[in-house]
Amino acid sequence: MADVQEADAIVAEPEPSQADGEVREPISQPGTIEDLPDWAKQVVKDLRTENAKHRTANKATEKAAAKAEEDQLIAKGKIQEAYDKARGELDALQQSLIDSEKVNRKLVVGQRFKLPEALVDVLHGDSLEDMEAHAEILAALIPPAPISVSTDSTSGVNGSMPTPQMSDSEVNEMAVRLGVNPNHLKTSLGIEN
């Protein structure tokens with residue numbers, strides 16, 4: 001430390017003044033570091049070493065900051081990418097839900113107005129009321145189905161199963177032969193109790 005103070009004193013020494021009457025020779029500036037005394041060489045060497053450490057640390061800090069900034073941009077990009085993907089999936093699910101609700105409304109309205117499946121598919125309208133209005137128009141265009149009466153004893157009106165024509169005594173007799181409860185037999189044959 002004393003060496004540094006001596007060096008500061010040499011550097012800080014005033015210029016020779018003409019007022020003192022003495023003429024001092026100015027301190028000559030050395031041309032190279034090799035011309036300096038050993039203690040000054042050591043000070044310069046230490047300062048240069050310290051400066052090199054600071055430069056190295058500064059470069060490392062700058063690299064770390066640049067890497068952190070790059071990592072942050074990458075992470076931000078990944079977050080944005082994940083957000084965009086999730087948003088796309090959400091939009092697709094919302095559209096799917098809207099489509100499903102529309103199909104469900106078509107089926108309900110078609111069933112209410114007894115429209116054939118082909119006409120249910122062409123129903124349109126944004127609201128339930130719009131679809132019902134359209135279904136009403138379509139239903140009015142469909143001619144009523146003729147009632148067919150079959151002379152065949154195995155089929156009823158419009159091809160349905162005929163109502164059995166058994167009396168209670170016949171049902172009871174059959175139940176005894178089959179070994180079943182007569183009420184169960186009436187139910188399976190579609191006869192009201």
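The values are calculated or read from the model by the stated rules, or taken from the named source; none is laboratory data. Remember, it's a predicted structure, so these values are computed and weren't measured experimentally. Neighbour counts are summed over all protein chains in view; Cβ atoms, including those assigned to glycine, are modelled from backbone coordinates with ideal geometry.
Checking the structure you have, find out if any residue of region 92-109 is assigned to a helix (DSSP H, G or I) and farther than 24 Å from Leu128 by Cβ. Spell out the reasoning first.
In the first step, residues of region 92-109 are kept if they are assigned to a helix (DSSP H, G or I); the result is 92-109.
Next, only the ones that are farther than 24 Å from Leu128 by Cβ stay: 92.
Yes, region 92-109 contains at least one residue that is assigned to a helix (DSSP H, G or I) and farther than 24 Å from Leu128 by Cβ.
Out of curiosity, is Leu115 over 24 Å from the mean Cα position of the chain (by Cα), of a type outside the set (Val, Ile, Thr) and at pLDDT 90 or above?
no
Identify all residues within region 122-135 that are among the acidic types (Asp, Glu), more than 13 Å from Leu107 (Cα to Cα) and modelled with pLDDT of 90 or more; write none if there are none.
Glu129, Asp130
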